[in-house]
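To start, the structure under review is shown below, and the notes come after it.
Values quoted throughout were computed directly from the atomic coordinates according to the rules given, and no laboratory measurement underlies them. Fair warning: this is a prediction, and the values are worked out from it, not measured in the lab. Cβ coordinates were reconstructed from backbone atoms using ideal geometry, including for glycine residues, and neighbour counts include every protein chain displayed.
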Amino acid sequence: MCGIVGAVAQREVSAILLEGLHRLEYRGYDSAGMAVISESGANDCRKRVGKVAELQRALESQPLPGHTGVAHTRWATHGEPSERNAHPHLSGKLSLVHNGIIENHETLRKKLTALGYQFVSATDTETIVHLIHHHYKQQRNLLGAVKLAVQELEGAYGMAVIHADEPDKLVCAREGSPLVIGVGIGENFIASDQLALRQVTDRFVYLEEGDIAEICTGHYRIWDINDVPTQREIQRIDTVAESADKGSYRHYMLKEIYEQPHVVKRTLSGRLSGGKILAEIMGSKANDIFKSVSSVQIVACGTSYHAGMVAKYWIEGIAGVPCRVEVASEFRYRKFKVQDNTLFVTISQSGETADTLAALRLAKTLGYSASLAVCNVAQSSLVRESDLYLMTEAGPEIGVASTKAFTTQLVALLLLTVALGRYHDLDEQQEANIVQGLHGLPELMHETLALDPAIKLMSEAFADKHHALFLGRGAQWPVAMEGALKLKEISYIHAESYPAGELKHGPLALVDSNMPVVAIAPNDELLEKLKSNLQEVQARGGQLFVFCDKSAGFSAAPGLDLIALPHVSDIIAPILYTLPLQLLSYHVAILKGTDVDQPRNLAKSVTVE
Ligand code: AGP
């Protein structure tokens with residue numbers, strides 16, 4: 001999704017801005033641009049369609065010298081990816097970059113056109129820069145013009161704007177789209193994600209909804225939603241602990257798959273004590289809230305939704321608490337009854353996903369007893385706006401395809417299940433067994449990752465296929481959903497997942513020798529039923545690829561390819577069986593030559609509806 005970087009310094013800023021854009025590339029985009037105020041007071045701009053490297057080449061032949069600038073990666077919403085639609089957008093001496101969507105852009109466009117403004121792009125963003133220009137004519141002051149303009153905007157924005165007549169200043173505003181100030185010494189920065197500014201500072205100030213800030217070299221000032229001058233806490237982020245490098249790995253995705261034993265350990269660290277889970281890790285009010293919870297509503301998107309689906313099996317099956325799960329974009333627009341004492345749980349890697357955030361805000365008006373966020377970004381809107389939160393400790397996830405975020409979400413959701421279960425169906429012995437299983441998980445993950453060469457070999461059977469089916473039963477069904485999503489998003493092979501028992505109710509008609517069927521077969525109480533379902537596939541000449549427990553009694557045969565995983569308890573199994581499916585998708589994508597870390601059309605953080 002779109003990315004913003006801005007800088008006001010006493011040195012050249014274009015290299016800083018460019019590095020920031022490179023660091024935001026993982027979010028997904030289709031064009032990039034930069035504007036810098038030159039020594040002569042001109043507002044110079046370069047834009048290119050495609051990768052940041054294209055913009056870099058343009059800057060090499062036509063540099064942008066200057067000390068104040070803004071830059072942007074655009075993910076097209078209004079208007080095709082093109083130079084005229086790329087940001088920054090200009091109006092007179094103003095240059096502006098924007099994330100989000102302005103919902104009343106058509107009304108504003110008519111008004112501004114009537115005032116004599118000529119639009120060169122098809123974007124909603126261009127209305128903002130002309131609107132600020134219009135107010136600047138009366139105000140003769142950038143900050144004042146922005147303050148007036150935002151009052152006319154409906155929708156979501158994180159924006160940054162500069163004016164060539166005020167060369168040592170940048171003004172930014174946030175409503176529905178994140179912005180952070182990077183605090184330097186004699187220089188200050190802004191970005192939509194602190195990751196973009198790691199090379200210049202480790203001190204950050206997170207803007208809140210409705211905030212407007214003026215950024216200069218020696219100081220910055222913030223006004224809140226009511227236009228009251230305000231202070232926001234400076235947070236120091238440890239850059240070493242959160243390395244965002246690829247290291248020796250070919251792709252971020254592979255690095256992140258291999259990091260899983262480590263980040264699972266980190267997600268458990270300090271949260272288990274003497275065979276017990278410490279519920280206080282979710283906040284001091286957690287136990288009081290959990291005591292009275294009689295049902296759970298989970299809301300999330302994509303991979304995070306799949307984590308919620310696994311959690312439903314745990315929360316109902318282990319804790320004995322009724323649980324519903326829904327994708328956020330459906331939950332937002334549906335009428336339903338809220339039961340008393342329902343805990344509202346959101347799951348999100350980024351904590352900025354527009355639909356999930358909107359669902360949380362809606363839930364707060366609907367009478368849920370409390371909200372809890374399972375999230376990977378401590379400073380995110382989702383965490384800040386929830387009553388309780390449980391952080392996943394996955395570290396920055398750069399690959400668009402979520403891997404370590406998913407498995408750490410599952411670990412966190414199992415901790416939540418136990419914390420809730422204590423007040424319902426879970427006894428001490430069961431809790432101790434789960435804790436023991438979690439302690440052993442990182443080692444089992446290492447053993448499973450060691451199967452990589454065999455999985456790579458298996459992937460060859462998929463590279464020339466157009467479709468694939470993923471089957472699982474019980475809590476392995478959402479794992480199959482996640483496996484299918486991984487294959488779709490990075491290899492562009494159409495993949496569907498089914499609970500294996502549903503096969504004969506329709507999808508069996510698709511099965512022939514060109515349809516690889518992946519099955520997840522831990523040695524659990526549904527194993528024999530799953531085996532019957534797989535025989536239905538074999539009888540139709542389907543090609544089976546089974547990830548099974550080594551004691552599950554399968555033997556390889558023509559049409560049946562096997563990979564045996566170490567034995568794991570039924571409860572932990574969904575976490576472990578996710579790993580081979582991630583590796584399978586990765587190797588298929590490599591064979592197909594796709595852009596693994598930045599698959600086409602996708603964005604890492606979906607901050608628009
Ligand atoms: C999965 O690989 C995707 N990156 C996507 O489905 C993602 O999980 C979804 O957009 C939700 O993102 P979030 O966890 O940041 O809310």
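The table below lists the values:
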quantity: Tensor-based shape of segment 349-449 (alpha-carbon gyration tensor, a/c under 1.5 rounded, otherwise prolate or oblate); calculated: oblate
quantity: Prolate/oblate/rounded label for the chain (Cα gyration tensor, a/c 1.5); calculated: prolate
quantity: Pairwise label distance in nanometres, Cys216 with Ser269, each label 7 Å out on the Cα-Cβ vector; calculated: 4.2 nm
quantity: Angle in degrees between helix 404-421 and the longest Cα principal axis of the chain, rounded to the nearest 10; calculated: 70 degrees
quantity: Contour minus Cα-Cα distance for Arg236 and Glu209 (0.36 nm per residue); calculated: 7.6 nm
quantity: Order of Val546, Val518 under a 10 Å beta carbon neighbour criterion, fewest first; calculated: Val546, Val518
quantity: Segment 451-609 - convex hull of alpha carbons, volume per residue in Å³; calculated: 122 Å³
quantity: Two-site FRET efficiency, Leu591 against His446, from Cβ-Cβ distance with R₀ of 30 Å, rounded to 0.05; calculated: 0.75
quantity: Distance in nm between pseudo-label sites at Glu460 and Ser532 (7 Å out along the Cβ direction from Cα); calculated: 3.7 nm
quantity: D (Stokes-Einstein, µm²/s), Kirkwood Cα radius, segment 369-408, 1.306 mPa s at 10 °C; calculated: 147 µm²/s
quantity: Rg over Rh [alpha-carbon atoms, Kirkwood Rh] for segment 508-592; calculated: 0.97
quantity: Net charge contributed by nearby residues that have their C-beta within less than 11 Å of Gln56 (K/R +1, D/E -1); calculated: +1
quantity: Segment Arg600-Ile225, extension gain: residue separation times 0.36 nm, minus the distance between their alpha carbons; calculated: 131.3 nm
quantity: For the chain, the longest site-free run once chymotrypsin sites (Phe, Trp or Tyr not before Pro) in DSSP loop states with at most 13 other Cβ atoms within 10 Å are removed; calculated: 1-332
quantity: Violating pairs (Cα-Cα greater than 30 angstrom) within the set Lys51/Lys592; Lys246/Lys531; Lys169/Lys364; calculated: Lys246/Lys531; Lys169/Lys364
quantity: Efficiency of FRET from Cβ geometry, Glu152 and Ala15, R₀ 35 Å, rounded to 0.05; calculated: 0.45
quantity: Pairwise FRET efficiency - His467 versus Glu54, Cβ, R0 = 30 Å, nearest 0.05; calculated: 0.30
quantity: In degrees, nearest ten, helix 428-449 long axis to first principal axis of the chain (Cα); calculated: 80 degrees
quantity: 222 nm mean residue ellipticity, helices alone, for the chain (DSSP H n ≥ 4; -39,500 (n - 2.57); rounded to 500); calculated: -10500 deg cm²/dmol
quantity: On Cα atoms only, tilt of 125-139 relative to the major axis of the chain in degrees; calculated: 30 degrees
quantity: Convex hull (Cα only) mean projected area of segment 166-232, reported in nm² to one decimal; calculated: 4.4 nm²
quantity: Amide N of segment 463-483 lying under 18 Å from the label point, which is placed 7 angstrom from the Cα of Glu496 along Cα→Cβ; calculated: 465-473, 477-483
quantity: Sorted by Cβ density within 10 Å, fewest first, the residues Thr113, Thr356, Thr448; calculated: Thr113, Thr448, Thr356
quantity: Under 12 Å, Cβ to Cβ, from Ala463 - net charge with Lys/Arg +1 and Asp/Glu -1; calculated: +1
quantity: Residue exposure sequence - Ile493, Ile347 - by fewest surrounding Cβ within 10 Å; calculated: Ile493, Ile347
quantity: Relative contact order (percent, whole number), segment 137-243, Cα cutoff 8 Å, 6+ residue spacing; calculated: 21 percent
quantity: Anisotropy class of segment 545-609 from Cα gyration tensor, a/c 1.5 cut; calculated: oblate
quantity: P(r) tail fraction, segment 435-502 - alpha-carbon pairs more than 15 Å apart, %; calculated: 65 percent
